[in-house]
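What follows is a single structure, written as structure tokens, with notes after it.
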Amino acid sequence: MSCHSDTATSPALDVENAQRTTLIALAGQPNMGKSTLFNLLTGLNQHVGNWAGKTVERREGSLTHDGQRFTLVDLPGTYSLTANSAEERIARDFILHEQPDVVIAVVNAANLERSLYLLAELVSLPAPVVVALNMMDVARQENILVEPEVLEAALGLPVIPMTATRAEGVRELFAAVQETLAGRRGLVARLPEIREDHRESLRVVLEAVQGYVPAPYPTAWAATKLLEGDEEITQQMRALLPAERWERVHQELMAHEDAFLAVATGRYEWIGRLVRAAVVRPRVGQIGLTERLDRWAAHPFWGLVILAAILGGVFWMTFQIGAPLQEWLDTQIIGRVSGWLAAALVSAPLWVQGLVLDGVMGGVGTVVTFLPILVIFFAVLGLLEDVGYMARAAYVMDRFMHLMGMHGKSFLPLFLGFGCNVPAVMGARVADSRAAQLLTILLAPLVPCTARLGVLAFLAPAFFGAAAAWVSWGLVMLSLGVLVLVGVVMSRTVFRGQRSAFVMEMPLYHIPNLRTIGLLVWQRSLSFLEKAGTTILVFSVVVWALAALPGGDLENSWLAGLGRWFEPVGLWMGLDWRLTVALLASFFAKENSIATLGVLFGSAEDAGLASTLAGIYSPASGLAFLTVSLLFIPCAATVAVIRQESGSWHWTLFSVALTLAISLAVGAGVYALAVWGGL
Amino acid sequence: MQPTTLNQTRLLDLQAGERGLVISLGSGKQLISRLTALGFTPGGELVVNQNYAHGPLIVTVRGGRVAIGRGEAAAILVERRDE
């Protein structure tokens, strides 16, 4: 990515300008339009990375408004700040330790009561808060009337009505930020209090910790967190307090184990007063758009029909637009560049030609031809997410995913695996616990992608004639069966007891924001190119070297040697060294196994090769080869994103070992059965 | 937890369209914390939007729509409210 704009950020610039830029943190619950606001304010002047040591996305951007420079940090969307999840800890630590000049709290006008819960926590932290009352348009659509001036007066905080999707209210928001920075607004925030029956407990705890709460924690906040049973604060205070004082706190906490609910109820009482003052509810019995749509989209039967139709549409689009585009890129761009390079390198040594044309350009070609499909998938995912449909898909699939110890949320990423495993792995972040993310990532490679289905479609007719369709169908069902089985086993062993409860917000439907989706597609694609792309390139060159060295012909190469070395293992599945080499080559890209066989049998990639193979190998070997192909180690691109998304080589190697073991075991089993059955 | 009076019931047993008042949330600190942040607290009013025999429920609580698994809904105790 090239950022030539003078407002582009880089870590070096940030340090240099620390004195002059104002730091704004953007906080809010999920589905409040926080990302839309962030994108609106920063445009392409944003940097996407991960929070240090976490797989949570960190977005930071910069902008200039009225000659003043601002650095904007988008905090992870969380429902509260209880330090239960990585996201919650990140959000609260940022506000406490980085001390932003202003926190913009994004709340949803159409769902004020719930969205003020996070604000109830934010106002107790030591940072000035400006409230962005977003989604005024959705509130109107759902017949909810919110009065911003009344809310501002009742809260004691600046409240700015906005519709970020239409860029309404930005000027007013910045005016409020500037007034707050200058201390001109003259408001005094009203803070929520603990429910009445626990005020005495709070007083006791407050008195005990007085003078011992470390900076930057406010004393009242720390005392409340103790009553809430916050593990982080409890541990710190236990270490810091003299034994006698800790004992007093401990006694009080033991006597009031339900204090957490008293704190939460106190917050909702505070919210209730605000909402009663500022919101005019719709007439009873009036049904909103969301309720009407959900009667279909979340229906146990029609919901599945709608989901199937949408997914069908996605694949139709992928093949109608993605495949031709892929083809075009391959011939027009990759083919031409390869042509020019071949002409330029005509007098270079043969190995240089091979390295550049087969190794490097082969890798670049894979990366580039992946892009159209990825862009389409990212766009569709972004659209479904932004409209609010994603939660419905998760909802209707939940009862099926339950079997594998997963949530409905993991369904869509896994399903996309049929197109390509890469977006499946990258989509795993929607799952809401680390265990669920990892399980999704580990299962994704077991979904047969188009490239593997292509190998199946190419070889099955030659081996099985009229029965090819049934054999193919059976093999796809077999690999899905393996996926379910692995999911069931893993959720009861490796991830035992880690299934988090299924509680999920069903956001209101709204018109998608193309800017948000566009930026998402741009960032995801860029991240794929930057990280996975370089890995793929390296793999590509390595595989080329193994196939070309030492002599230059595949038959006598190191790759062939490797194939011969593995032949004893291959023989369990009825595979000789050539089929084994084809499998090894498929690690680079799944369709490579056909190309490799083409080289080994000296014929082009046409029907001739398939029938040649059918002539040489028994149907049992063919069946075993197809089985192993479907379940084998994922391709290099998938392995690269597994590493990127899991953030650990440990899990990446685990995934490789898992697929290897499964493919060998199932392949050997299928071969034995086929031989026994007389194939 | 078992219902103690006639009007108390599990959230799971409320039909679509029925209203209730949350009495207790069941156990598990993590779960209670998540439920609370989504609007479930003792005394909070809710309406069941959808409850078929299988799959999660959809409940409107404090103005927000929330999908909740059957297991989780079985642990939440509510007082049934008439219209």
> Where does the range A:489-589 land on Rg(C-alpha)/(2.2 N^0.38 Å)?
Replying inline: 1.79
> Around A:Glu168, which amide H atoms from residues at least 5 apart in sequence, or from another chain, sit under 5 Å from its own amide H, with H modelled in the peptide plane?
Replying inline: A:Thr163
> Using only helices, what value at 222 nm comes out for the protein assembly as shown when you add -39,500 (n - 2.57) per DSSP H run of length 4 or more and divide by the total residues, to the nearest 500 deg cm²/dmol?
Replying inline: -16500 deg cm²/dmol
> When the Kirkwood radius is taken over all Cα pairs of the range A:362-426, what Stokes-Einstein diffusion coefficient follows at 20 °C and 1.002 mPa s, in µm²/s?
Replying inline: 168 µm²/s
>> On a full-extension model of 0.36 nm per residue, what is the gain between A:Asp101 and A:Phe654, subtracting their alpha-carbon distance, rounded to one decimal in nm?
In response: 194.7 nm
> Along the range A:383-399, what does the Karplus equation 6.51 cos²θ - 1.76 cosθ + 1.60 (θ = phi - 60°) give for ³J(HN,Hα), rounded to whole Hz, x for Gly and Pro?
Replying inline: 5, 4, 5, 5, 5, x, 6, 3, 5, 6, 4, 4, 4, 6, 8, 4, 5
> Which whole-Hz couplings ³J(HN,Hα) result when phi for each residue of the range A:467-484 is put into the Karplus expression 6.51 cos²θ - 1.76 cosθ + 1.60, θ = phi - 60°, listed in order with x for Gly and Pro?
Replying inline: 7, 4, 4, 5, 4, 4, 4, x, 5, 5, 4, 4, 5, 5, x, 4, 4, 4
> Which whole number of Å³ per residue matches the convex hull of the alpha-carbon atoms in the protein assembly as shown?
Replying inline: 191 Å³
> Once you average over the residues of B:26-35, how many Cβ atoms of partner chains fall within 10 Å of each Cβ?
Replying inline: 5
> Hey, if we sort A:Arg203, A:Arg92 by accessible area with the 1.4 Å probe, largest down, what's the order?
Replying inline: A:Arg203, A:Arg92
>> Could you sort the peptides A:517-523, A:274-280, B:33-39 by per-residue average Cβ neighbour count (10 Å cutoff), highest mean leading?
In response: B:33-39, A:517-523, A:274-280
> What base-10 log of the normalised intensity I(q)/I(0) is obtained for the range B:8-81 from the Debye formula, alpha carbons as equal point scatterers, at q = 0.12, 0.14, 0.25 Å⁻¹?
Replying inline: -0.24, -0.34, -1.20
> By per-residue mean of other Cβ atoms within 10 Å, what is the highest-first order of A:419-427, A:163-171?
Replying inline: A:419-427, A:163-171
> Within the accessible area of the range A:11-181, what % is carbon and sulfur when the probe is 1.4 Å and the other protein chains stay in place?
Replying inline: 49 percent
> Between the helical axis of A:607-616 and the dominant principal axis of chain A, each derived from Cα atoms, what acute angle in degrees is found, rounded to the nearest 10?
Replying inline: 70 degrees
> Averaged over A:261-270, how many beta carbons belonging to a partner chain fall within 10 Å of each residue's beta carbon?
Replying inline: 4
> Rounded to the nearest 0.05, what FRET efficiency is calculated for A:Gln251 and A:Met317 with R0 set to 45 Å and r the Cβ-Cβ distance?
Replying inline: 0.10
> Just from the alpha-carbon atoms, what are the Rg and Dmax of the range A:11-181 in angstroms?
Replying inline: 15.2, 49
> Going highest first, how would you order A:505-516, A:392-403 by mean Cβ packing within 10 Å?
Replying inline: A:392-403, A:505-516
> Considering every residue in B:54-62, what mean count of other chain Cβ atoms within 10 Å of its Cβ is obtained?
Replying inline: 6
> Once the Cα atoms of helix A:219-228 and of chain A are each reduced to a long axis, what angle between those two axes, in degrees from 0 to 90 to the nearest 10, is obtained?
Replying inline: 60 degrees
>> With a 1.4 Å probe and all protein chains left in place, how much accessible area per residue does the range B:8-81 have, in Å²?
In response: 32 Å²
>> Roughly how large is the A-B contact in terms of buried accessible area, totalled over both chains, probe 1.4 Å, nearest 100 Å²?
In response: 2900 Å²
> Hey, what D do you get for the range A:196-280 in µm²/s if you plug the Kirkwood alpha-carbon radius into Stokes-Einstein at 20 °C and 1.002 mPa s?
Replying inline: 158 µm²/s
> Relative contact order, percent, of the range A:506-606 when contacts are C-alpha pairs under 8 Å separated by at least 6 residues?
Replying inline: 16 percent
>> I'd like the Karplus ³J(HN,Hα) series for the range A:502-519: coefficients 6.51, -1.76, 1.60, θ = phi - 60°, whole numbers in Hz, and an x wherever there's a Gly or Pro.
In response: 8, 9, 9, 6, 9, x, 5, 5, 8, 4, x, 9, 5, 5, 4, 5, x, 5
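The values are calculated or read from the model by the stated rules, or taken from the named source; none is laboratory data. All of these numbers come straight from a predicted model, not from anything done at the bench. As a convention, Cβ positions derive from the backbone with ideal geometry for all residues, glycine included, and neighbour counts pool all protein chains shown. Areas reflect the complete protein model, heavy atoms only, side chains present, ligands, DNA and RNA absent. Shrake-Rupley method; radii C 1.70, N 1.55, O 1.52, S 1.80 Å.
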